[in-house]
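Worksheet: the structure to be examined is printed underneath.
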Amino acid sequence: MKLQVTPVQAFTDNYIWLIHSPLDPRSVVVVDPGDAAPVQQALSSQGLTLSGILITHHHGDHVGGVVELLRQQSVPVFGPAHEQVPGNPQPLREGDSAEFQSLGLRFSVLDVPGHTAGHIAYSGHGSLFCGDTLFSAGCGRLFEGTAEQMAASLAKFADLPDETQVYCAHEYTLSNLQFALAVEPGNEISAAYLEECRARRARHQATVPSDIRRERNVNPFLRCDLDTVKQAAEGRAGRALNPVEVFAVIREWKDGFRG
Ligand SMILES: [Zn+2]
């Protein structure tokens, strides 16, 4: 059965995800509550009960609401073992799982360093909660990790089944696709997806979740082994590049890219 997940918008472009229990859809686990107020508002307006918190990494726009939510209600909190985050979470690393037995929810944990050094992701029920590691048609900036780490982290996601739903934490898809098309101008799937996303944004709809099949088709950071992306990176660098260097060049190119 497909997991029911609903977005809560926060700040300018964050999505805080509510995962509904398959056993009781009114009980939810919140992922990366950077701000308590919109979460509380969503809970009360939709008649939902907060039953747990999952944290992917330590940035303020992902953890800023944890203490306030816990002040209202004591619920289990899970977070990365290698980062300091509020709420005294149960520490998780790759191979561990975050389980909410009474909710019928269980996620396995992936270590995905790159954006931050201790970033983790949660995978389960055909869904991926990837924090700021993977965005639709893009990936997180390298604040604490190396290109090599980030490329290895994204490779873990690329191995997930095609239909895995990808719950990204930001609405960055339009600008990411403009960059993706600068890297691969001939990618017709990206061009069509850009039109689709423009239409969605014009209707004030989210472009996420995405899925792994689509990301393999449009996301240049998952396509560094393809000739099109390799040639674009080598053209920019002016020399031959290995796959990690291709990733590093593309990531740096994106950092300075203004669509
Ligand atoms: Zn972040």
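The values are calculated or read from the model by the stated rules, or taken from the named source; none is laboratory data. On a predicted model such as this, the values are computed, not experimentally measured, just so you know. Note that each Cβ is placed from the backbone with ideal geometry, even for glycine, and that neighbours are counted across all protein chains shown. We work out accessible area using only protein heavy atoms, side chains counted, and drop any ligands, DNA or RNA first. Shrake-Rupley method; radii C 1.70, N 1.55, O 1.52, S 1.80 Å.
Across the range 74-92, what is the number of residues that are more than 16 Å from the ligand (Cβ to nearest atom), in contact (Cβ under 8 Å) with a residue 24 or more places away in the chain and closer than 26 Å to Pro22 by Cβ?
Of the residues in the range 74-92, 7 are more than 16 Å from the ligand (Cβ to nearest atom), in contact (Cβ under 8 Å) with a residue 24 or more places away in the chain and closer than 26 Å to Pro22 by Cβ.
Across the range 235-259, what is the number of residues that are closer than 17 Å to Ala151 by Cα and either open to solvent by less than 50 Å² (accessible area, probe 1.4 Å) or of a type in the set (Asp, Glu) (or both)?
Of the residues in that region, 12 qualify.
If I go through the range 74-94 residue by residue, how many of them are open to solvent by less than 70 Å² (accessible area, probe 1.4 Å) and more than 17 Å from the chain's Cα centre (by Cα)?
First, pick out the residues of the range 74-94 that are open to solvent by less than 70 Å² (accessible area, probe 1.4 Å): 75-81, 83, 85-87, 89, 92.
Those still in the list that are more than 17 Å from the chain's Cα centre (by Cα) too: 75-77, 81, 83, 85-87, 89, 92.
Result for the range 74-94: 10.
Results for (1) over 28 Å from Met1 (Cβ atoms); (2) part of a loop (DSSP other than H, G, I, E, B); (3) polar (S, T, N, Q); (4) open to solvent by less than 10 Å² (accessible area, probe 1.4 Å), shown as yes or no for each residue.
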| position | (1), (2), (3), (4) |
| --- | --- |
| Gly131 | no, yes, no, yes |
| Arg141 | yes, yes, no, no |
| Gly145 | yes, yes, no, no |
| Met150 | yes, no, no, yes |
| Ser153 | yes, no, yes, yes |
| Phe157 | no, no, no, yes |
| Leu160 | no, yes, no, no |
| Glu163 | no, yes, no, no |
| Val166 | no, no, no, yes |
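Among the listed residues Ser51, Ser45, identify the single one that is more than 13 Å from Tyr167 (Cα to Cα), of a type in the set (Ser, Thr, Tyr) and not in a strand (DSSP E or B).
Exactly one residue qualifies, and that residue is Ser45.
Could you check Met1 against (1) surrounded by fewer than 21 Cβ atoms within 10 Å (Cβ to Cβ); (2) farther than 19 Å from Glu171 by Cα; (3) within 16 Å of the ligand (Cβ to nearest atom) and say which number it fails?
With respect to (1) surrounded by fewer than 21 Cβ atoms within 10 Å (Cβ to Cβ); (2) farther than 19 Å from Glu171 by Cα; (3) within 16 Å of the ligand (Cβ to nearest atom), Met1 is out only on (3).
Tally up the residues in the range 124-159 that are over 23 Å from Ile19 (Cα atoms), within 13 Å of the ligand (Cβ to nearest atom) and among the acidic types (Asp, Glu), please.
Of the residues in the range 124-159, 1 are over 23 Å from Ile19 (Cα atoms), within 13 Å of the ligand (Cβ to nearest atom) and among the acidic types (Asp, Glu).
What's the number of the condition Glu252 fails, among (1) touching a residue at least 40 places away in the same chain (Cβ under 8 Å); (2) farther than 14 Å from Phe135 by Cα?
(1)
Can you name the residue in the range 168-201 that is among the acidic types (Asp, Glu) and either in contact with a Phe, Trp or Tyr (Cβ under 6 Å, 6 or more places away or on another chain) or open to solvent by 60 Å² or more (accessible area, probe 1.4 Å) (or both) and is also nearest to the ligand (Cβ to nearest atom) among such residues?
At the first step, the residues of the range 168-201 found to be among the acidic types (Asp, Glu) are 171, 184, 188, 195-196.
Next, from what is left, pick out any that are either in contact with a Phe, Trp or Tyr (Cβ under 6 Å, 6 or more places away or on another chain) or open to solvent by 60 Å² or more (accessible area, probe 1.4 Å) (or both): 188, 195-196.
Values: Glu188: 32, Glu195: 29, Glu196: 26 Å.
Out of the qualifying residues, it is Glu196.
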